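Written below as structure tokens is the structure these notes are about.
The values are calculated or read from the model by the stated rules, or taken from the named source; none is laboratory data. Just so it is clear, the structure is predicted and the values come from calculations on it, not from any experiment. Neighbour counts run over all protein chains shown; Cβ positions are idealised from the backbone, glycine included. To get the accessible areas, we keep the full protein, side chains included, count just its heavy atoms, and leave off ligands, DNA and RNA. Shrake-Rupley method; radii C 1.70, N 1.55, O 1.52, S 1.80 Å.
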Amino acid sequence: MELINIKLVVPILIWVLMILFSSSFSNSLDDNFLQCLSQNSNSTNTDFVFTQQNTKFSSVLESTIINLRFSTSKTRKPFAIITPLTYSHVQSVVLCSRRFKYRMRIRSGGHDYVGASYTSTYDDNVPFVVLDLKELQSIKIESSKKTAWVESGATIGQLYYWVSREGKNLGFPAGICPTIGVGGHLSGGGFGTMVRKYGLAADNVIDAKIVDVNGRLLDRKSMGEDLFWAIRGGGGGSFGVVVAWKVNLVQVPEKVSVFSVSRTLEQGGSDVFNKWQYVGHKLSKDLFIRAIILATTNGAGQRTVQVLFNSMFLGRAQKLLETVKQSFPELGLQENDVSEMSWIQSILYFNNYPKGTSIDVLRDRKPDARRYFNGKSDYVKEPIPKERLQDVWRWSLEIDNPVLIMEPHGGRMDEIAETRVPYPHRKGYLYNIQYFDSWDNIEASEKHVSWMRRIYENMTPYVSKNPRASYVNYRDLDLGKNRNNTSYSEAMKGWGSKYFSNNFKKLAMVKAAVDPDNFFYSEQSIPPLTMS
Ligand code: FDA
């Protein structure tokens, strides 16, 4: 009897001691880390630090998470989330995280497709902190010089709002969804309705401020041209914390014209899409027409594909009608399909805000709806053969709610050398495909993820090859992820060449020069490459 008791009691005692020891150990780590932060930032106020014990921890962590796949009870949570109020806070978080050997995740708008800015898929128990820049969101515009300094924690919607307030003819070329964070978006490229006229958001960056691995605050001059090159499209989270960007603003007309016209397969959608493949990238630079593949129900109650042509033209409606009639008559665009509005209103139009919505929604950074979602990307260099399109439609209809967004390149994108910034998909790329799928219950995740893998596999013959190009801002862990300090050559075989093509080598060399110990490490951060 006594023996049984001892057998039971000893493991329980050990377990209790372990819990006590580990929690006091982690509490003392917490305390030391907090002390380090307050010492380094010369401030006793650490209100911007939310450890797991803080009652606001969950709400701060969740505040910009929109992909519910990375917000479950199984998702790894940071040991603390820190929302710096000044650049010196950012500097101390970098220094203290290094000192205590914590990993660090950098978050601006939280839109990363795989949650790389706020979780970790490693089960190695290395604690990590999230450095969330949402409080750093100031925007200063110098309209006479057509430039702006924007902090990383601002959304692109806020940037658009304040730019439009400075002048009816000022705009900025970046992505379509206004809640994307400036920090992650500019780090990976950034394209939207003005990509054919002005290139990527990253093409229009002229200076930046970054906190490097040694906690130094550097600008373009002090960081040097190689690092400045790498942060404009080399993907976030590899080189340091970019706290602010100086961008060139661009000219937009007082009135732009927009339309959304859809054709089901029964209405000849396949033929119209086929023609779009040949002309979308060759049209006037002022004209952006994207094609979105969706599922709908036809007049006979059957499921079918609908191709939505969604467009913005930097000019008046009459000119748009003439241009489309001449270059893309198959679309059958009519006068009453087209609306004129200001550039800033076109941002709301593209995001399906009801007519009459105030542009203030952009300034007020209303969070996006939260859902489970998944994405992948491809690029097309040769039109998909017309006779094979029916296969693409069939594969799309294998899931309830398919969305294939095809966005044209060409125009300005053809003129920029593929080495100018790390985003390499330039001349010769007709359009980008984003496979996007969302759903509303976790049990369905496997079905949806495997559909996307299947259609991606099926598309292999029709998309770019050697490498099969992908867009880093639509991050995809199926392309590979770093494990135990993955080498440059391993990464190059997977996501490295797909995202960056021949620019990957230079990115890895810059990484070795600025962060040789790989402190800024995550699933797809750039590995350091040292040339011996
Ligand atoms: P988030 O904060 O999640 O960061 C993304 C990555 O950058 C992470 O690795 C993070 O660590 C790193 N990072 C963030 N801030 C950093 C900083 N200050 N310094 C260094 N690293 C930093 N893209 C596009 O080109 N055109 C489009 O129209 C759209 N539309 C769109 C719609 C929706 C609904 C989503 C979810 C996404 C898009 N995107 C897009 C993709 C978008 O550009 C991409 O997800 C960006 O990385 C998002 O930037 P955030 O700052 O929001 O992400």
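Listing for the model above:
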read-out: Options 315, 332, 375; residue that is small (Gly, Ala, Ser) and under 19 Å from residue 197 (Cα atoms); value: 315
read-out: Residue in region 64-89 that is most open to solvent (accessible area, probe 1.4 Å), counting only those that are part of a loop (DSSP other than H, G, I, E, B) and of a type in the set (A, V, I, L, M); value: 85
read-out: Residue count for region 127-157, restricted to those that are open to solvent by less than 40 Å² (accessible area, probe 1.4 Å), over 17 Å from residue 202 (Cα atoms) and either within 10 Å of the ligand (Cβ to nearest atom) or not in a strand (DSSP E or B) (or both); value: 5
read-out: Close pairs from region 366-388: first touching a residue at least 60 places away in the same chain (Cβ under 8 Å) and open to solvent by less than 50 Å² (accessible area, probe 1.4 Å), partner assigned to a strand (DSSP E or B) and of a type in the set (Val, Ile, Thr), Cβ under 9 Å, at least 6 apart; value: 376/433; 377/433; 378/433; 379/433; 380/433
read-out: Condition check for residue 118: at pLDDT 95 or above, assigned to a loop (DSSP other than H, G, I, E, B) and closer than 24 Å to residue 481 by Cα; value: yes
read-out: Lone unmet requirement of (1) among the aliphatic types (A, V, I, L, M); (2) under 20 Å from residue 475 (Cα atoms); (3) surrounded by fewer than 18 Cβ atoms within 10 Å (Cβ to Cβ) for residue 116; value: (3)
read-out: Output for region 394-422, where each listed residue is more than 22 Å from the chain's Cα centre (by Cα) and surrounded by fewer than 21 Cβ atoms within 10 Å (Cβ to Cβ); value: 394, 395, 396, 397, 398, 399, 400, 414, 415, 417
read-out: Segments classed as helices (runs of 4 or more DSSP H), wholly inside region 400-502, with at least 2 members that are of a type in the set (A, V, I, L, M) and away from the ligand (no atom under 15 Å from the Cβ); value: 445-458
read-out: Some residue of region 82-100 being in contact with a helix residue (DSSP H, G or I) (Cβ under 6 Å, 6 or more places away or on another chain), under 19 Å from residue 154 (Cβ atoms) and away from the ligand (no atom under 13 Å from the Cβ); value: yes
read-out: Test: residue in region 508-515 that is among the small types (Gly, Ala, Ser) and surrounded by fewer than 22 Cβ atoms within 10 Å (Cβ to Cβ); value: yes
read-out: Qualifying residue in region 295-309 (condition: in contact (Cβ under 8 Å) with a residue 24 or more places away in the chain, out of contact with any helix residue (DSSP H, G or I) (no Cβ under 8 Å at 6 or more places or on another chain), open to solvent by 10 Å² or more (accessible area, probe 1.4 Å) and within 16 Å of the ligand (Cβ to nearest atom)); value: yes
read-out: Which listed residue, of 213, 252, 258, 242, is within 26 Å of residue 86 (Cβ to Cβ), open to solvent by less than 20 Å² (accessible area, probe 1.4 Å) and away from the ligand (no atom under 11 Å from the Cβ); value: 213
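Yes or no, residue by residue, for (1) open to solvent by 10 Å² or more (accessible area, probe 1.4 Å); (2) more than 20 Å from the chain's Cα centre (by Cα); (3) within 12 Å of the ligand (Cβ to nearest atom):
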residue	(1), (2), (3)
170	yes, yes, no
181	no, no, yes
186	no, no, yes
192	no, no, yes
198	yes, no, no
201	no, no, yes
